[in-house]
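The next block holds one structure in the form of structure tokens; read it before the comments.
The values are calculated or read from the model by the stated rules, or taken from the named source; none is laboratory data. What you see is a predicted model, and the numbers here were worked out from it, not measured in a lab. Cβ coordinates were reconstructed from backbone atoms using ideal geometry, including for glycine residues, and neighbour counts include every protein chain displayed. Just the protein is used for accessible areas: all its heavy atoms, side chains included, with ligands, DNA and RNA removed. Shrake-Rupley method; radii C 1.70, N 1.55, O 1.52, S 1.80 Å.
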Amino acid sequence: MEITYFEPFVKKTAINSITAYQDYISPYKGFSCPHRLLNGGDSCSQYVKKMLTEQSLVEAVQSSLQRFKDCTHASKIITTRNSGGGCIVIPCCIPL
């Protein structure tokens, strides 16, 4: 069983799942992607969707894992900056 046989199905399913998350969960969760807040540009979910359309599945997963690490780091920076009080930042990505 080769990954290339299932790759289009897996990528389409992942993209559709991310779109559902963006439409039905993200607007109501109460916090934003720390990576986007700190650096601007795409949120992690938008970044992963983009990688799934531009890269192979294996490359997209690798890029996504790095992005999640970067997002966790961004969350720590924002939390440190706000340690004097204010909002609590929750990473949008589960550490893997």
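What is the number of the single condition among (1) assigned to a helix (DSSP H, G or I); (2) out of contact with any helix residue (DSSP H, G or I) (no Cβ under 9 Å at 6 or more places or on another chain) that Glu59 does not meet?
(2)
Across the range 67-96, which residue is modelled with the lowest pLDDT among those that are of a type outside the set (A, V, I, L, M, F, W, C), within 19 Å of the chain's Cα centre (by Cα) and not in a helix (DSSP H, G or I)?
It comes out as Pro95.
Output the residue which, of all residues in the range 11-33 that are at pLDDT below 95 and either part of a helix (DSSP H, G or I) or touching an Asp or Glu at 6+ places or on another chain (Cβ under 7 Å) (or both), is farthest from Ala60 (Cα to Cα).
Tyr28
Does the range 29-51 hold any residues that are surrounded by fewer than 18 Cβ atoms within 10 Å (Cβ to Cβ) and either of a type in the set (Gly, Ala, Ser) or over 14 Å from Ile77 (Cβ atoms) (or both), and which are they?
The answer is Lys29, Gly30, Phe31, Ser32, Gly40, Gly41, Asp42, Gln46, Lys50.
Residue pairs, Cβ under 7 Å, 6 or more apart or interchain, first in the range 59-82 and more than 30 Å from Glu7 (Cα to Cα), second open to solvent by 70 Å² or more (accessible area, probe 1.4 Å) and assigned to a helix (DSSP H, G or I). List them.
Ala74/Asn39; Ile78/Leu37
Sort out which residues of the range 28-53 are of a type in the set (Gly, Ala, Ser) and either within 15 Å of Ile15 (Cβ to Cβ) or touching a residue at least 40 places away in the same chain (Cβ under 8 Å) (or both), and write them in order of number.
Of everything in the range 28-53, those that are of a type in the set (Gly, Ala, Ser) and either within 15 Å of Ile15 (Cβ to Cβ) or touching a residue at least 40 places away in the same chain (Cβ under 8 Å) (or both) turn out to be Ser32, Ser43, Ser45.
Being exposed (fewer than 12 other Cβ atoms within 10 Å of the Cβ), among the acidic types (Asp, Glu) and farther than 30 Å from Thr80 by Cα narrows it down to one residue among Glu7, Glu59, Glu54; which is it?
Criteria check complete, one pass: Glu54.
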